[in-house]
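Since the structure comes first, as structure tokens, the remarks are kept for the end.
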Amino acid sequence: MLSGLSDGNENEYLREAVACAKHRLYRGCIVLGWCAAINRVHRVVEKIGFSIFNTTSKRIAAETSGRFKRFNSPQSINSLNELRQVFETNVLWIIEAMGLIDNNQHTRPGSCFDMRNQSAHPGDAPMTEYNLLSFYSDINEILLRNPKCSL
């Protein structure tokens with residue numbers, strides 16, 4: 001499922017994730033997969049330009065009706081380091097508004113982020129091979145192999 005991804009940074013995260021999966025360390029595998037996915041998103045935003053990201057975030061934060069009416073996190077970032085401080089669910093809203101993903105595509109990485117949180121924090125929710133397959137199918141198809149998110 002993950003073969004053919006060419007980015008070196010993501011491949012390092014994914015190599016470690018595969019190693020976790022081989023040892024049935026599914027929580028670690030999911031956390032590392034999320035790192036690869038959000039790294040791709042951050043680098044795509046950097047490529048497109050922080051000014052477009054900022055302008056889009058301010059536009060949707062000003063909306064009072066429609067899909068983005070509850071978004072209230074305008075951004076003013078100027079570097080990859082600053083972007084890495086923006087809460088990931090806010091980033092998903094903004095990249096949807098930028099047209100990189102649609103509303104259905106936004107929902108599924110949001111679920112992946114939830115699975116990442118369930119994996120990274122104490123709790124009794126099990127992580128199974130089926131969860132892993134769903135998680136990687138979504139980040140692979142919606143973010144990593146999405147032509148709009150290519151580097």
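For a Förster distance of 22 Å, can you work out the FRET efficiency between the beta-carbons of Ala19 and Ala125, rounded to the nearest 0.05?
Once rounded, the FRET efficiency stands at 0.45.
Say R0 is 25 Å: what FRET efficiency, to the nearest 0.05, do Asn117 and Lys58 get from their beta-carbon distance?
0.40
So which DSSP H runs in the chain come out at 20 Å plus along the axis (Cα) with average Kyte-Doolittle of at least -0.5?
26-48
Give me the percent of Cα-Cα pairs in the chain that sit more than 28 Å apart, rounded to a whole number.
That tail contains 20 percent of the Cα-Cα pairs.
What does the net charge come to around Lys69 if you take all other residues with beta carbon closer than 15 Å to its beta carbon, with K and R at +1 and D and E at -1?
Net charge in that neighbourhood comes out at +2.
Please identify, among Thr64, Thr55, Thr107, the residue showing maximal mean-square fluctuation in a Gaussian network model of the chain using a 10 angstrom Cα cutoff.
Of Thr64, Thr55, Thr107, the Gaussian network model singles out Thr64 as fluctuating most.
By counting other Cβ atoms within 10 Å of each Cβ, how are Lys148, Lys47 ranked from fewest to most?
Ordered from fewest to most neighbouring Cβ atoms within 10 Å, Lys148, Lys47 come out as Lys47, Lys148.
For the chain, which cysteines have no disulfide-compatible partner, meaning no other cysteine Cβ under 4.7 Å?
Cysteines lacking a close Cβ partner in the chain: Cys35, Cys112, Cys149.
Within the set of other residues whose C-beta is less than 15 Å from the C-beta of Phe50, count the net charge using Lys and Arg as +1 and Asp and Glu as -1.
+3
Read the figures in this text as sums done on the coordinates, not as results from a lab. Computed from a predicted model, the values in this text were never measured in an experiment. Please note: Cβ atoms are built from the backbone with ideal geometry, for glycine as well, and neighbour counts cover all protein chains shown.
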